[in-house]
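Structure record follows, encoded as structure tokens.
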């Protein structure tokens, strides 16, 4: 019987991620909580600094996009939220933040688990393995912050060590795809990537082209070139070929009648994957 995963060591994480010139300013680890996003939203209102990080060993009421629940067995994954105060970035560009997080996560997976097929489903779901099951979810929430200005809390739930058969049929984990990845090493790699990408994006006032984010997102997004069905928030759906993402991060879908529609929000189903030999 395998031993349980080692808990996160807050002192080690602080030593590796905090410090002069670093992107992260405060890091806390809690044993259990309902939602790291909800907790960090409350801390933002109370004055938590830009670059705050909250990690938990066990999240019991995690939320994904479209109010879906997200829960994993204790110690089997990573639940982390970060707080940004992106001053100087126009509000219409803030939608790139969860997509930025998806690219940072994808880069970390490809570094630590290079043998696992991985890519993104628009806007920011991580798909793993030959069947493209969901291995992680990302949720960004706007919030008020003490002192005024915009605040964004971004949460990530990553399935790391859950064995095959313990997750829903549409989900998977790195372990289920044959990769033994240390949770701490993955968390550090994700946060380093996330910090570097957000800093570059913020330095360009959120311009996804000037920061290189849009090009990197396109390269990692499995939805592009695929035939998709987009389930819209109001209950309608759109079917067509996902052609591109525009400068606002909207998905451009070419419908059968030749109409090209920009989708700002919706749930994607891949009907026919793009022909890519290396996702």
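Each reported figure results from applying straightforward, stated rules to the coordinates on display, with no laboratory input. Please read all numbers here as calculations on a predicted model, not as lab measurements. Virtual Cβ from ideal backbone geometry, glycine too; neighbours counted across all protein chains shown.
Among 188, 89, the order by Cβ neighbours within 10 angstrom, fewest to most, reads 188, 89. Going from the residue with the fewest nearby Cβ atoms within 10 Å to the one with the most, 167, 174 rank 167, 174.
Is the C-alpha gyration tensor of the range 224-272 telling us rounded, prolate or oblate? Criteria: a/c under 1.5 is rounded; beyond that, a/b larger than b/c is prolate, otherwise oblate. It is rounded, given that a/c, with a ≥ b ≥ c, falls under 1.5. Shown for 138, 263: other C-beta atoms within 10 Å of each C-beta, ranked fewest to most, produce the order 263, 138. If you take the Cα centroid of the range 89-114 and the Cα centroid of the range 210-279, the two points sit 16 Å apart. With the chain treated as a Gaussian network of Cα nodes joined by springs under 10 Å, which of 146, 223, 211 yields the largest mean-square fluctuation? Largest GNM mean-square fluctuation: 146.
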